[in-house]
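To start, the structure under review is shown below, and the notes come after it.
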Amino acid sequence: MTFSSKSETMIEFRDVHKYYGEYHALRGINASIKAGEFFSLLGPSGCGKTTLLRTVAGFEGISSGAVMVDGRDMADVPPNHRPTNMVFQSYAIFPHLTVEENVGFGLRKDPRSKEEKAREVGKTLELVGLTGFGKRAAHALSGGQRQRVALARALILKPKVLLLDEPLSALDKKIREQMQVELIKLQREVGITFVLVTHDQEEALVMSDRIAVMFDGEIAQMDEPERLYRKPASQRVANFIGTMNFLPTRILSDGARVATEVQGLGLVEVDASQVSGAATAGQPVVGFRPETLTILYEGQQATDREAWATVREVVYYGDMTYYDVVIDGTDRELRLSMRNVFGRPVLDIGTRTRVGWSPGALVLFR
Amino acid sequence: MKFPALKTYTVAYLLFLYAPILLLPIFAFNDSKIIAFPLQGFTTGWFRMMWADDALFKALRNSLIVGISTSIMATTLGIFAARASTRYAFPGKAAGLGLIMLPMVLPEMIMSMSMLVVFLAIGIPLNLFTIILGHVLVCTPFAVAILTSAFQSLDKSLEEAAQDLGEGPFSTFWRVILPLVMPGIISSALITFTISLDEFIIAFFLGGTETTLSVYIFGQFRFPARVPSIMALGTILVCLSIALLTTAEYFRRRGIARTGAKDTGGFL
Amino acid sequence: MTNPNRTRLWRSEGASGLTLISPPLIYAVLMLAAPLATMAVYSVFTDGYLTIEPILTAQNYIDTWTDVLYRSVMLRSLLVSVFVTAATVILAYPVAYFVSFNVDPSKKSMWLFLITIPFWTSYLIRVFMWKVILGYNGVINSGLKALHIIDQPLGWLNYNVGAMVLTLAHAYAPFAILPIYVALEKIDRSLMEAGQDLGETRWTTFLRVTLPLSMPGVIAAVLIVFIPTIGDYVTPNLIGGGKIPMIANAIEKLMLKADNKPLGSAIAISAMLIVGLVSVLFLFLNRRFMRGQR
């Protein structure tokens, strides 16, 4: 088996538009997915992520633009002739067939002998951890097992791209987390390009090489998970990915260094690289993640700057404690997360405390 | 919420439903020409009398020809309509389906008379073929209803999965859809057959000189002396339709078990 | 915005749909729409001796709606159908309720099966059995006589509208039970618990929660029973002894025995209009109930 290197483009969307009657479901999607990449389409329901995935599989036509797979325009290629395979959200396991027959379903036109095909089915079942399940009736499987059958059935055809439509959403939390890890391993093992659709930001962050965040039929940001988390392209993206605190801001001067006055934090100068896209309400805000705020216990020095705050709410998680604090001079509760360390008490509600923060961790939305 | 009196009521209601059917065998074996109490003793004579009538077997043969043809044609038409209605959007869908389903709510007398008028006007001779034409019209809506629910319980992604795995539209239908709706097809065939067998008005008016089983039975009602042998025939028919229904129900349930859907009960 | 791809896909879907539906649709057009249209045309033609004259006239409709004979047939048909429908639906409701609420879920299909069996046995024989049961020397009269409860047969049992209503109510019973049952099954059980939790008794919960929510099923049952009843032919013929004709019997008589096809067609079309009107009325009611629930 040879696989193309990561630099090659496997899927390319060129200004893809899709209308359902008057409804504009996809509004000019431009993106390219590299060969061998684990790529996620992330967004709230109704944002067009599933539609976009289905244009690659061929189940949705597009209104204008082009979808290219491996350098070929897919416009006139029906689903059964595309080099892609799909794991459906409902898994779509054929209920009248056994596990083996399901996995071997796509091999009908394969010229190999029956024995070779059977061996291939066995090998693929082993790959997904279902050895010995071949003779089972499909409807007698658990959710996790169905998902593995769906994976095996698609992978056995050695597609150039594997499309996964919310494959984990029907599973319990425990099995879901386990399957996330298995999927990553599997993807590394087979080296096929994976395109995953999910509404679960955590799942996307854990699994993907790159993520496209979609809102209202448009890609709002396309980046590696860490960059997506560190520097969201807009306040809306920031709100969707993890938790972010926001404080209203006034911009005093522009340039390579941007001078601002932040409510409660005073005068702050940030680097131009920290300036990001639109604030939701139009008024500039600075955003920062809970872990960039720290509680300063007595005798501790701030590494950067500090402010006085009051604890309003304490949520204890065992390894972590989340505090909602209000910094003097503001009216907003800010979420702060602290790793619990032996010998350091958890603060009570109402406690006055110093909190440390750092201008370098801020993102400015304007 | 339980209302205990309901069970008593329901049992009484079932007795009312079954009363005529339960009386059938009683009088079929009763040694009297009059259908009345008190009972006069056991006999199998009425069954022999029924069996001796050649007209019955001719009517039965006709009914089988009509029933089987109707069942095949109505189910085939039903597959087309059910597939179109569950899978495709197209202009005039509601109106088209409405027309196909209309015979369900039209009095059979009106349908048979309007067909009769046309057949007479263009000179089509009345025989078994014209009965079949009428029965297919009446049975198709039932086939469509049964098959639509069979096609509906199919997850659309199963079809997409088959296409995704390399099958074209025809082989997808053959390898995935047909096996999954087969129980629905069988139960549609059985039920349309039963309806055709039982149908009287169309068979009576569109049959010309040909007699089906129901027309034969209706004819026998005029002769009081033949009534006990009709009881015997009725007993046999009831047993047959219970057997047919049980088979249909068996296939329906197997279909539900196979697609893993929830049993909603009933044919209608 | 031009989008060749989209129109092509849509066109192909619409085309496949139309191709698929065309065999049953063409059949319905040829065997149903065309004959009904022919009948509609006949109904405004004039009846001649052995022929039908293509002279437009409204006389057939005037006769249908003014002639005492036809008007009484129409009224009787309506009355019988209304009685049958009311009796069937009211008697069926508790049965549907019992199966839906009081029967163990695993046994529900068995009960439904039991209820549907009589419906699938020969309609003719079932109707005839009622004639035998209710007859002057029939099962009930002879039974009561044998038990010395009566001396003379009860004359009011047979050959009247009441006997026809009983027979038809028996014939269409499952038609009423099934739609009500389906509507009851759809009701979220916690709604009833909520009703009781909010201080209603079982009976008032039924009146304020269950009954309104099951109305779509009741309306469907009304339609499903009413429509075939009004066009029934066998029951007036056998149970009514041919002396209490309903619409279907009148149509048959005019079309065949009297060979007055225009008048027969006018009556048939009028009957269809009545059925259509009642159906539309109830469908409208149903829509209002459905809207109330959304």
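The values are calculated or read from the model by the stated rules, or taken from the named source; none is laboratory data. Source: prediction; values computed, not measured. Neighbour counts run over all protein chains shown; Cβ positions are idealised from the backbone, glycine included.
Values computed for the structure shown
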{"item": "Which listed residue is at the interface with another protein chain (Cβ under 10 Å from one of its Cβ atoms), within 30 Å of A:Pro83 (Cβ to Cβ) and in a helix (DSSP H, G or I), from B:Ala143, B:Ala161", "result": "B:Ala161"}
{"item": "Residues (among the β-branched types (Val, Ile, Thr) and either touching a strand residue (DSSP E or B) at 6+ places or on another chain (Cβ under 7 Å) or farther than 16 Å from B:Met111 by Cβ (or both)) located in segment C:250-273", "result": "none"}
{"item": "Selected residue (only one of A:Leu252, A:Leu265, A:Leu247 is farther than 27 Å from A:Ile219 by Cβ and touching a Pro at 6+ places or on another chain (Cβ under 9 Å))", "result": "A:Leu265"}
{"item": "Test for B:Ile131: is it at the interface with another protein chain (Cβ under 7 Å from one of its Cβ atoms) and part of a helix (DSSP H, G or I)", "result": "no"}
{"item": "Residue satisfying all of: in segment B:39-55; aliphatic (A, V, I, L, M) and out of contact with any helix residue (DSSP H, G or I) (no Cβ under 6 Å at 6 or more places or on another chain); modelled with the highest pLDDT among these", "result": "B:Ala55"}
{"item": "Boolean, C:Val89 is within 28 Å of C:Ile230 (Cβ to Cβ) and crowded, with 19+ Cβ neighbours inside 10 Å", "result": "yes"}
{"item": "Residue in segment B:194-206 that is outside any helix (DSSP H, G or I), acidic (Asp, Glu) and surrounded by 23 or more Cβ atoms within 10 Å (Cβ to Cβ) present", "result": "yes"}
{"item": "Among the residues listed as B:Leu22, B:Leu56, the single one being within 11 Å of another protein chain (Cβ to nearest Cβ) and either assigned to a helix (DSSP H, G or I) or of a type in the set (A, V, I, L, M, F, W, C) (or both)", "result": "B:Leu22"}
{"item": "Members of segment C:47-79 found to be among the hydroxyl-bearing types (Ser, Thr, Tyr) and surrounded by 15 or more Cβ atoms within 10 Å (Cβ to Cβ), listed by number", "result": "C:Thr57, C:Tyr61, C:Thr64, C:Tyr70, C:Ser77"}
{"item": "A:Ala238 vs. criteria within 22 Å of the chain's Cα centre (by Cα) and more than 23 Å from A:Gly356 (Cβ to Cβ)", "result": "no"}
{"item": "Subset of segment C:146-178 (residues that are facing chain B (nearest Cβ under 8 Å) and either at pLDDT 85 or above or closer than 25 Å to C:Thr88 by Cα (or both))", "result": "C:His170, C:Ala173, C:Pro174, C:Phe175, C:Leu178"}
{"item": "Any chance C:Leu124 is crowded, with 18+ Cβ neighbours inside 10 Å, in contact with an Asp or Glu (Cβ under 7 Å, 6 or more places away or on another chain) and of a type in the set (A, V, I, L, M)", "result": "no"}
{"item": "Hey, B:Leu158 of a type outside the set (Gly, Ala, Ser) and more than 30 Å from A:Val161 (Cβ to Cβ) or not", "result": "no"}
{"item": "Among (1) surrounded by fewer than 23 Cβ atoms within 10 Å (Cβ to Cβ); (2) within 28 Å of B:Ile191 (Cβ to Cβ); (3) aromatic (Phe, Trp, Tyr), the one test that C:Tyr172 misses", "result": "(1)"}
{"item": "Hits in segment B:25-53 (condition: assigned to a strand (DSSP E or B) and either on the phi > 0 side of the Ramachandran plot or surrounded by 16 or more Cβ atoms within 10 Å (Cβ to Cβ) (or both))", "result": "B:Asn30"}
{"item": "Single condition C:Gly143 does not satisfy, out of (1) under 28 Å from B:Glu199 (Cα atoms); (2) at the interface with another protein chain (Cβ under 8 Å from one of its Cβ atoms)", "result": "(1)"}
{"item": "Hits in segment A:45-71 - residues which are away from chain C (no Cβ under 14 Å) and out of contact with any Lys or Arg (no Cβ under 9 Å at 6 or more places or on another chain)", "result": "A:Ser45, A:Gly46, A:Cys47, A:Lys49, A:Thr50, A:Leu53, A:Gly71"}
{"item": "Residue in segment A:278-292 that is among the hydroxyl-bearing types (Ser, Thr, Tyr), modelled with pLDDT of 90 or more and farther than 26 Å from A:Leu228 by Cβ present", "result": "no"}
{"item": "Members of segment A:73-120 that are touching a helix residue (DSSP H, G or I) at 6+ places or on another chain (Cβ under 7 Å), surrounded by fewer than 20 Cβ atoms within 10 Å (Cβ to Cβ) and among the polar types (S, T, N, Q)", "result": "A:Asn80, A:Ser90, A:Thr98"}
{"item": "Qualifying residue in segment B:72-84 (condition: at pLDDT 85 or above, away from chain C (no Cβ under 12 Å) and assigned to a helix (DSSP H, G or I))", "result": "yes"}
{"item": "Members of segment B:154-180 found to be of a type in the set (Val, Ile, Thr) and out of contact with any Leu (no Cβ under 7 Å at 6 or more places or on another chain), listed by number", "result": "B:Thr172"}
{"item": "Only one of A:Ala150, A:Ala138, A:Ala170 that is over 28 Å from the mean Cα position of the chain (by Cα) and under 19 Å from A:Phe88 (Cα atoms)", "result": "A:Ala138"}
{"item": "Enumeration of residues in segment C:239-260 that are farther than 17 Å from C:Thr85 by Cα, within 11 Å of chain B (Cβ to nearest Cβ) and crowded, with 21+ Cβ neighbours inside 10 Å", "result": "C:Ala248, C:Asn249, C:Ala250, C:Ile251, C:Glu252, C:Leu254, C:Met255"}
{"item": "Wholly within segment A:297-340, strands (runs of 3 or more DSSP E) carrying at least 1 residues that are touching a Phe, Trp or Tyr at 6+ places or on another chain (Cβ under 7 Å), outside the structural domain of A:Thr249 (by TED's automatic domain parsing) and aliphatic (A, V, I, L, M)", "result": "none"}
{"item": "Qualifying position, being of a type outside the set (A, V, I, L, M), touching a strand residue (DSSP E or B) at 6+ places or on another chain (Cβ under 6 Å) and under 27 Å from C:Lys131 (Cβ atoms), among B:Phe57, B:Phe29, B:Phe37, B:Phe42", "result": "B:Phe29"}
{"item": "Within segment A:148-263, strands (runs of 3 or more DSSP E) holding 3 or more residues that are surrounded by fewer than 20 Cβ atoms within 10 Å (Cβ to Cβ) and without any contact (Cβ under 8 Å) to a residue 60 or more places away in the chain", "result": "A:245-253, A:257-262"}
